[in-house]
Structures are given as structure tokens and as C-alpha cells.
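See structure below.
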Amino acid sequence: MAVSRPAVPMKWQAAFESYQERMEAALAYAGAWLLLATVFLYHLTHTHFHQHAADLGNLEMILRIPLMVTIGLAFSARWIGFPRWPARYFLRLMGICLSGLALSLLFLFALYEPIIVAQISDSMTIALFGATIMGLRSFREWLLIVALPLAIFLIAAVVAGLPIMTLVAVLIAPALLMFVTCILMAFVRKVAVDGFIARESVKEVATTDPLTGLLNRRAFMPLLQQEHARAMRAEAPFSVILADLDKFKKVNDTWGHEAGDDVLKEVAARMRDCLRKQDALCRWGGEEFLILLPGTDAEGARVVAEKCREQIQETPINMHGVHHTQTVSLGVAVFGQGEAIDHLVNRADGALYQAKQNGRNRVELAGYGN
């Protein structure tokens, strides 16, 4: 295809998969309803209002079974959550069943009633257009959903000795529409990905500290509030750690603010490496960092704080040929049942102040009464 899909940055891959799943789930549900209505209208108009030389009614009903089963599965997944398949599986199945049904009927009409084959081009166009729409995810999906059944159909037609030129004439209009639809769907995919990237970029600017890449205070507070609410309901512990770089003003005064920025970025990276996936780290302001540790008691929080302190101190930071050993002081506070968030953070700040007073480069645990 001429239109290439823009790459989604690795940091947004999980979010993009979720976004794509929601989009495809909506398409699968709407497609199931549309196919159900189409099959019903076809049965009503074709079976009852057309006279056939050959009795194909029962065979036509049998050929519809795979499509009807797939539609039923799509509804079941939507309404009761079973089967728990990705939405793209339903799109593939519905597309394959639809194109297979349309081509099978064309094969039967060409075999038993060749006189009406030329009259069903519009039906084929609609069916293969619908099948092409199901290949929203990629061009390879279209190859599976439409191109493969079409190739099998043509091979079967040659083996059965059907009038190939007549069949090709019937398929010209669907082929042209499929070509246009493939290009359209490529643009739809590109617009969807571009839109996702644009939204995530705006969200990142609004929620991320531009220097360190950490969450900013605005983005961190909802996480803290969510954990606070969970702890209140479950009467479970969680902890916060407030960290402040020691003598950071001296770094700026000695080597300049650019070197200070380098130290902040390196410290942020080292602290992030000390945390679990469920933990959250933000740049609280200036040279202060705040860590949220869900489900963590005092001892566990102290271990994390010590790990951060050691990780920052043990390896000097190279600043344009000068090796600088940075240290950090940390205050730990464990949530007390019923305690307000502001009070919890203030206790961590008090413990941090105590660490500074006691000589810096150390961890202090806040008492519950502070």
C-alpha cells in the first residue's frame, strides 16, 4: 500500500493497543448488527421474490450458518463477556465468513443458474465492500479476509469449468470498490494513529516534567488520591517518600544550571530504576522528588528509600569530565488510617527536614504524631 502506518513510540504501545482494541470492538459490534440486518433483508428479498430454476434454498441456509455463528459470538462477547477474544478475531471471522458466503453463492449460481449470474454484481459489490471494511487493522488483514477466499474461488471455478470471463465481469465492480476501500482504510488507519499520537503528545506535555520525563505534580496528585481512597476502603497501608538533593545549589553555582539539569535527570533515572512497576515517581518541585509506594508499610518504604539513596551516592555523575558525587536526603511517611493527603506529605517533609538536620545523605521515618 502507498500509505504507510506511522510508528507508535514504544512508551505508548500498551495504550495504543488498548485504544485499537476499543475501536475494533466498536466496529465488530456495529458490523455484527449490520450483517444480521443484511442477511435478513437478503433472505426476504432474494428467497421470496426470486424464482430459481434450481432449489438452492436449503444449501443457501447451510452456507449462512458460519456467518450467523460468528455474529452470535460477537454479540455474546459484547453482552456477557464470552468468548474473551480480541475484537480483531471477530472482525476476521466475520469478514472471512461474509466473503466466503458471497463467493460460495456466486459459485452455486454460476454452476446451477448461469442465466442470473450477471444480475448479482451489486450484491457482490456490497458483500466484498463489507468484508474489506473488516480489514481495518492492516492490508494483510484484507489479504486474509478477501484475497485468499477470492483466490480459492477462482481456482474452484476453473476446476469446475465455470465461465471465467462472465465471473470476471461480475467481479470487476467489486474489485474496483475494494481497491478504493483499501486505500481509504489505509488513510483511516493513518489518521487514527496520527490522532492517537497527537493526543498522547498533548497529554504528555500536560502531565510530564519536561526536564526529567517524570510525572509532574498535576499528574501525580490523582494517583495519590486514588491510592488514598483505596487505602481508606481496604484499611491497607501505603507510603510516600519525599527526597531532596543535598547541597544542590552548590552544583548550580559551581558548574552552572546546565550541569544542574544533568544531575537532576541522572538522579531521576536512578530513582526510577529502584521502583516497582506499580510505584509512582514525580518531580515535586525544584530538586525535590516524591515517591508513592502502594501497599507498602514502614519497613518496605525504608528499604526503598535506602536503595534510592545508595543508588544515587555510589556512582559519581560525569559532568563534562568532572566526576561529582551527589547525595540525597529522604523522608518516609506511612499512611495512617483517616489521615488527609496533605498531612501525610507534610509528615514526609518533616522527616526530610530531620534527615537534613541529622547530617544529610540519610533516611528518616516520620512518626504518626508529627
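Any residue at all in the range 217-233 that is open to solvent by 20 Å² or more (accessible area, probe 1.4 Å) and more than 30 Å from V202 (Cα to Cα)?
yes
Pairs only if they're at least six apart or on different chains, beta carbon under 7 angstrom, first in the range 244-262 and surrounded by 19 or more Cβ atoms within 10 Å (Cβ to Cβ), second aromatic (F, W, Y); list them, first residue then second.
G260/F248
With the structure loaded, tell me whether T212 is open to solvent by 50 Å² or more (accessible area, probe 1.4 Å), touching a residue at least 40 places away in the same chain (Cβ under 8 Å) and touching a helix residue (DSSP H, G or I) at 6+ places or on another chain (Cβ under 7 Å) or whether it fails that test. It would help to see each step written out before you state the result.
Values: open to solvent by 50 Å² or more (accessible area, probe 1.4 Å): no; touching a residue at least 40 places away in the same chain (Cβ under 8 Å): yes; touching a helix residue (DSSP H, G or I) at 6+ places or on another chain (Cβ under 7 Å): yes.
Considered against the rule, which asks whether it is open to solvent by 50 Å² or more (accessible area, probe 1.4 Å), touching a residue at least 40 places away in the same chain (Cβ under 8 Å) and touching a helix residue (DSSP H, G or I) at 6+ places or on another chain (Cβ under 7 Å), T212 comes out as no.
Hey, I115 hits all of (1) within 30 Å of K190 (Cα to Cα); (2) modelled with pLDDT under 90; (3) surrounded by fewer than 15 Cβ atoms within 10 Å (Cβ to Cβ); (4) not charged (D, E, K, R) but one; which does it fall short on?
Answer for I115: the failing condition is (1).
The values are calculated or read from the model by the stated rules, or taken from the named source; none is laboratory data. Fair warning: this is a prediction, and the values are worked out from it, not measured in the lab. Cβ atoms come from the backbone with ideal geometry, glycine included; neighbour counts cover every protein chain shown. Side chains included, ligands, DNA and RNA excluded: accessible areas come from the protein's heavy atoms. Shrake-Rupley method; radii C 1.70, N 1.55, O 1.52, S 1.80 Å.
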